[in-house]
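So the structure is just underneath, and the comments pick up after that.
The values are calculated or read from the model by the stated rules, or taken from the named source; none is laboratory data. This is a predicted model, so every value here is computed, not measured. Neighbour counts are summed over all protein chains in view; Cβ atoms, including those assigned to glycine, are modelled from backbone coordinates with ideal geometry.
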Amino acid sequence: MHFEHIAKSLRPSRRALLAGLPAALGAALVSRPARAAGDALVVVTSFPEELTTRYEAEFEKAHPDLHVQFVWKQSRDALALLSQPDQGGVDVCWAPSLSNFPILRDSGAFRPLAVDRAALPGRLGAQPISDPKGMFEAYDLAGYGIVYDPAALAALGAAVPKRWSDLAAPALAGRIAMPLAGKVGFSPALYDIILQAEGWERGWALLCEIAGGAQLSGSGPGPTGAVKEGRAALGLTIDFLALGAQANGAGVGFAYPERTAFLPGHIAVTAATRRPEAARAFVDFALSTKGQKLLMEADSSRHPARPDAYAGKAVRIVDPFALPEGSFFSYDAEIGRRRPGLISVLFDLSIAERHAETVAFWRALHAAEARLAAAPAAGGAAIVAEARKLAGFVPVSAAEASEPTLLDRFSGRDVKDPDLAGRWRAEIGAARAEATRLLASLDARL
């Protein structure tokens, strides 16, 4: 199922003004949280200021006796803080981090939550989105897909992509923006969705071909910005960045391809909280219909995890709970939460380190396919097929990519096994060299 939205409004973008704030906020707030006179409810989060300030205002309006102190931390730093004996004085953990919440749950870092499953199903179709043990709850859902410029696509004579594979069309070469897996926080999940949807080997082959016609971006807002500014016609991204741009007047659309996924952010009460009732009040507010509706305001443009919150939603916001069966697939979060390090390393080795070479190869291969279509040559199709296979080669099998021992070797900030990564680099290089040689041999037949 393919569905899309194009914004009509022309408000100036506050998000553009805030694009550079996360680093500044981190620098300002990374110190150990302290409660002045013990009256602050401490919430550690990586959600942006435009969202947290709304929750602070609305929660404190509903609970004038309580004050919220937000401490902004990236996932790894939040994990370290909450793993301390006193959990850094934090009362609530509230963040989009598939990996942190299960780790912290298993270490006893959270208190049980009681929720109304009639209002908060904890599932999206067949996909669990909340902890089955009841220690953390889905707060929001982020979808993954393609931001696009309708006018640019029309000028190219191209349709809005309906499938991930549509991005490999030669007509789109040079007009696609992709985030770098090692630099953009949401991109390993984005690429893992494609890898799970298409299959591991086929998915990597597709990513390599798409990258052959793409510009690479090292910032989260980069692909959406490239489309807004006319430097790209399409970009792979997370939906709230594109939907926020729409809400603030950008003439962009957003498409959810077939077999995409929606992944949850979560909320939990810490085991060490000294204010359990206040912490629970904040969680209850965040999960209430009123609290969930705040997610869909223009500056956030996110998806609630509570179905009844979608009543009266803006047209730009999709209700994942109301989508037809088959619009998305049940993403395996248990394996997905372990893969970001491996995906980042393989993306660097296969795509980022050799991007110019990748672009040149796929330009040549697409040209060869066009010539063969016009004038078939004996053995030409077989040569192109083998060159394609080699160009999309990944030195890790699907079985290995699900093996916890291997995934743990690439789970930190730095590569823990540079020798293995070096062997993979050599194997990829050899495969690409042979693919290039095969294409060169085809010239003699055409």
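From the list 317, 383, 351, which one is outside any loop (DSSP other than H, G, I, E, B) and either in contact with a Pro (Cβ under 7 Å, 6 or more places away or on another chain) or farther than 20 Å from residue 426 by Cβ (or both)?
Exactly one residue qualifies, and that residue is 383.
Considering only segment 79-99, state which residues are surrounded by 23 or more Cβ atoms within 10 Å (Cβ to Cβ) and more than 24 Å from residue 185 (Cα to Cα).
91
Being outside any helix (DSSP H, G or I), at pLDDT 95 or above, crowded, with 23+ Cβ neighbours inside 10 Å and not charged (D, E, K, R): is that true of residue 236 here?
Yes; evaluated as a whole, the condition is true for this residue.
Would you confirm whether or not segment 208-218 contains a residue that is surrounded by fewer than 20 Cβ atoms within 10 Å (Cβ to Cβ), of a type in the set (S, T, N, Q) and in contact with a helix residue (DSSP H, G or I) (Cβ under 8 Å, 6 or more places away or on another chain)?
Yes, some residue in segment 208-218 is surrounded by fewer than 20 Cβ atoms within 10 Å (Cβ to Cβ), of a type in the set (S, T, N, Q) and in contact with a helix residue (DSSP H, G or I) (Cβ under 8 Å, 6 or more places away or on another chain).
Pick from segment 295-354 the residues that are of a type in the set (S, T, N, Q) and out of contact with any strand residue (DSSP E or B) (no Cβ under 8 Å at 6 or more places or on another chain): which of them is nearest to residue 217 (Cα to Cα)?
Top of the filtered list is 344.
For segment 250-258, indicate whether the set of residues that are surrounded by fewer than 21 Cβ atoms within 10 Å (Cβ to Cβ), closer than 29 Å to residue 315 by Cβ and over 21 Å from the mean Cα position of the chain (by Cα) is non-empty.
So far as segment 250-258 goes, yes, one or more of its residues are surrounded by fewer than 21 Cβ atoms within 10 Å (Cβ to Cβ), closer than 29 Å to residue 315 by Cβ and over 21 Å from the mean Cα position of the chain (by Cα).
Out of 189, 159, which single residue is in contact (Cβ under 8 Å) with a residue 12 or more places away in the chain and either assigned to a loop (DSSP other than H, G, I, E, B) or outside the structural domain of residue 346 (by the TED database) (or both)?
So the residue among 189, 159 that is in contact (Cβ under 8 Å) with a residue 12 or more places away in the chain and either assigned to a loop (DSSP other than H, G, I, E, B) or outside the structural domain of residue 346 (by the TED database) (or both) is 189.
Pairs needed: first member in segment 392-410, of a type in the set (A, V, I, L, M, F, W, C); second member anywhere, part of a loop (DSSP other than H, G, I, E, B) and buried (at least 18 other Cβ atoms within 10 Å of the Cβ); C-beta distance under 6 Å; at least 6 residues apart or different chains.
Here the result reads 407/338, each pair linking segment 392-410 to a residue that is part of a loop (DSSP other than H, G, I, E, B) and buried (at least 18 other Cβ atoms within 10 Å of the Cβ).
Scan 391, 364 and give me the residue that is in contact with a Leu (Cβ under 6 Å, 6 or more places away or on another chain) and either of a type outside the set (D, E, K, R) or more than 30 Å from residue 301 (Cβ to Cβ) (or both).
The conditions single out 364.
Filter segment 320-348 for residues that are farther than 18 Å from residue 238 by Cβ and either part of a helix (DSSP H, G or I) or within 19 Å of the chain's Cα centre (by Cα) (or both) and give the result.
Those that are farther than 18 Å from residue 238 by Cβ and either part of a helix (DSSP H, G or I) or within 19 Å of the chain's Cα centre (by Cα) (or both): 321, 322, 330, 332, 334, 335, 338, 341, 342, 345, 346, 348.
How many of the residues making up segment 358-368 are in contact (Cβ under 8 Å) with a residue 60 or more places away in the chain and surrounded by fewer than 16 Cβ atoms within 10 Å (Cβ to Cβ)?
Residues flagged as in contact (Cβ under 8 Å) with a residue 60 or more places away in the chain and surrounded by fewer than 16 Cβ atoms within 10 Å (Cβ to Cβ) within segment 358-368 amount to 1.
Within segment 111-119, identify whether any single residue is over 12 Å from residue 263 (Cα atoms), buried (at least 22 other Cβ atoms within 10 Å of the Cβ) and in contact with a helix residue (DSSP H, G or I) (Cβ under 9 Å, 6 or more places away or on another chain), and answer yes or no.
no
Please give the number of the condition residue 136 fails out of (1) of a type outside the set (Val, Ile, Thr); (2) closer than 24 Å to residue 186 by Cβ; (3) surrounded by fewer than 24 Cβ atoms within 10 Å (Cβ to Cβ); (4) in contact (Cβ under 8 Å) with a residue 40 or more places away in the chain.
Of everything listed in (1) of a type outside the set (Val, Ile, Thr); (2) closer than 24 Å to residue 186 by Cβ; (3) surrounded by fewer than 24 Cβ atoms within 10 Å (Cβ to Cβ); (4) in contact (Cβ under 8 Å) with a residue 40 or more places away in the chain, residue 136 misses just condition (3).
Can you tell which of 13, 9 is out of contact with any Lys or Arg (no Cβ under 9 Å at 6 or more places or on another chain), modelled with pLDDT under 50 and hydroxyl-bearing (Ser, Thr, Tyr)?
After ruling out the rest, the residue left standing is 9.
Just to be sure, is residue 441 closer than 21 Å to residue 188 by Cβ, hydroxyl-bearing (Ser, Thr, Tyr) and either at pLDDT 90 or above or touching a Pro at 6+ places or on another chain (Cβ under 8 Å) (or both)?
no
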